[in-house]
Amino acid sequence: MVSFFVSVAAVSGLAGFLAVLMVIADATIANYGTVKVTINGDKKFDVKGGRPLLATLMDEGVFIPSACGGRGSCGLCKVKIKDGAGAFLPTELPWLSDEEKENGIRLACQCKVKNDYAIEIPEELFNVKEFRTTVLRIRDLTHDIKEVVFKLDDPATMDYKAGQFIQLKVPEYELTDEPVYRAYSMASHPAVKDQVETEIRLVPNGICTTYVHKHLKEGDQVILNGPYGEFFLRDSDRKVVCIAGSSGMAPIKSILNDMAVRGIDRETMYFFGARSKRDLFLADEMRELEAKLPRFSFIPALSEPEPEDNWDGATGLITEVLDSYLSSGDNVEAYLCGSPGMIDACINVLTKKGVPEDLIFYDKFA
């Protein structure tokens, strides 16, 4: 029996060793030369083979949305590869439906360009640009959330919809040996075309958030690209229900300020969930919006208020507060931004109230 387990261990060790050798060989020995990438049948690029499609396209000024910076953990960088991609990788499968697999949808960050590729992407992605910016302002909103405002230098303006996001480039430093990109929603509204405001929460050991919280300074030069995303207010006369937690405040703030600037008068409720009062922020700004938007109500809720908070507002999980305030889902559309768990729980409440799933729009911060 002992010899059996020793044999199994030896085989497993050998397999692992060979796998490592293959990765090293692919990265250091294989030379794929110059290959051609054709986009939407008419745009052709000659590129160096062997790199992920996501990074390859970025080098050519074609930006595909990716919240995780190419780690295969967000599933956003989907493109249709008509020719050249080969078999699906195990890292892609969790993010692809059967229909998407049948239609050749792949994750651009996982597919290496080893031969000629023919791909299709939405035409609007050709409007995404890279911006050189200067950090105009950094301020603490809470103990773990910073507001960072970037002044756009080149190009000097950006056209976008309230609720969309950008990708921020972080240079090499102690947590990364190469530049990385991470996605952040814009809290600014489209009337301010020469600045981008973000709200960035510190994630322990997060490459980008640690850089922003520990190293980034006012006056620093930063590269970002955008805009991206389908999270924006739809043009209708339905009641609006917004739900957010933590830095999920950013796109909702953008949407609400845009409504005020454009004079959009729709019945709107905004539920914001926080643990205690130290996690609640921009409440005064939301109260000011209540004066600008006649039919807007801001409903903050604390799930675990501290005694010193002297809290007299809504208490409990945001799903409980939502359930108690929203009597019916008739003629309602909803906009949710926050953690996947919070969003899934809120969708459950909304659908039980009668809100159709196709009228629930969300932006999950994984």
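In table form, for the structure just shown:
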quantity: Semi-axes of the equivalent ellipsoid for region 239-364, Cα gyration tensor, largest first, Å; calculated: 21, 19, 13
quantity: Size of region 34-123 as Cα extents on the principal axes (Å, biggest first); calculated: 31, 25, 25
quantity: Whole-Å distance, taken between Cα centres, linking region 184-202 and region 26-91; calculated: 28 Å
quantity: Farthest positive-ward along region 150-289 dipole, Cα basis, beta-carbon charges - from Gly226, Ala162, Gly273; calculated: Gly273
quantity: Largest to smallest principal axis extent of the C-alpha atoms in region 23-180, angstrom; calculated: 47, 35, 31
quantity: Estimated inter-spin distance, Asn115 and Glu320, nm [label 7 Å along Cα→Cβ]; calculated: 5.9 nm
quantity: In order through region 201-207: 3J(HN,Hα) via Karplus (6.51 cos²θ - 1.76 cosθ + 1.60), integer Hz, x for Gly, Pro; calculated: 8, 6, 9, x, 6, x, 4
quantity: Charge dipole magnitude, Cβ of K and R +1, D and E -1 - region 34-123, Cα centre, debye nearest 20; calculated: 360 debye
quantity: Around Pro356: net Lys/Arg minus Asp/Glu count, Cβ-Cβ under 15 Å; calculated: +1
quantity: Normalised alpha carbon radius of gyration of region 172-310 [divisor 2.2 N^0.38 Å]; calculated: 1.19
quantity: Rounded D (µm²/s) - region 128-228, Kirkwood Rh over Cα pairs, Stokes-Einstein at 25 °C, 0.890 mPa s; calculated: 182 µm²/s
quantity: Reachable lysines from Lys48, criterion Cα separation under 20 angstrom, eight or more residues apart if same chain; calculated: Lys36, Lys82, Lys112, Lys114
quantity: Leading residue at positive end of dipole, the chain (Cβ point charges), from Ser303, Val47, Ile318; calculated: Val47
quantity: 3J(HN,Hα) from dihedral phi, region 160-167, Karplus parametrisation 6.51/-1.76/1.60, rounded to Hz, x for glycine, proline; calculated: 7, 9, 4, x, 7, 10, 10, 10
quantity: Euclidean distance of C-alpha centroids, region 94-123 and region 132-157, integer Å; calculated: 34 Å
quantity: 3J(HN,Hα) from dihedral phi, region 347-352, Karplus parametrisation 6.51/-1.76/1.60, rounded to Hz, x for glycine, proline; calculated: 4, 4, 5, 4, 5, 5
quantity: Sequence-distant aspartates and glutamates (8 or more away, or on other chains) whose Cα lies within less than 13 Å of Lys253; calculated: Glu147, Glu197, Glu199, Asp284, Glu285, Glu288, Glu290
quantity: Rg/Rg_globular for the chain, with Rg_globular taken as 2.2 N^0.38 Å and Rg from C-alpha atoms; calculated: 1.12
quantity: Leading residue at positive end of dipole, region 231-366 (Cβ point charges), from Gly338, Ser327, Ile252; calculated: Ile252
quantity: Nearest 10 degrees, 0 to 90: helix 249-262 Cα axis against the chain principal axis; calculated: 60 degrees
quantity: Value of [θ]222 nm, deg cm²/dmol, for the chain, DSSP H segments ≥ 4, -39500 (n - 2.57) each, nearest 500; calculated: -8000 deg cm²/dmol
quantity: Computed E for Arg275/Lys352 - FRET, C-beta separation, R0 25 angstrom, nearest 0.05; calculated: 0.50
quantity: Under 5 Å, built H, 5+ apart or other chain: amide partners of Thr268; calculated: Val240, Phe296, Ser297
quantity: Placed amide H near Asp363: partners under 5 Å, 5+ positions off or other chain; calculated: Leu336, Cys337, Gly338
quantity: Angle between the chain longest axis and helix 283-292 axis [Cα atoms, degrees, rounded to 10]; calculated: 60 degrees
quantity: Net dipole in debye of the chain [+1 Lys, Arg Cβ; -1 Asp, Glu Cβ; about Cα centre; nearest 20]; calculated: 640 debye
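Any read-out appearing in this document is the output of simple, stated calculations on the displayed coordinates, not a laboratory observation. In this text, all values refer to a predicted model and were calculated from it rather than measured experimentally. Quick reminder, even Gly has a Cβ in these numbers, built from the backbone with ideal geometry, and neighbours come from all protein chains shown.
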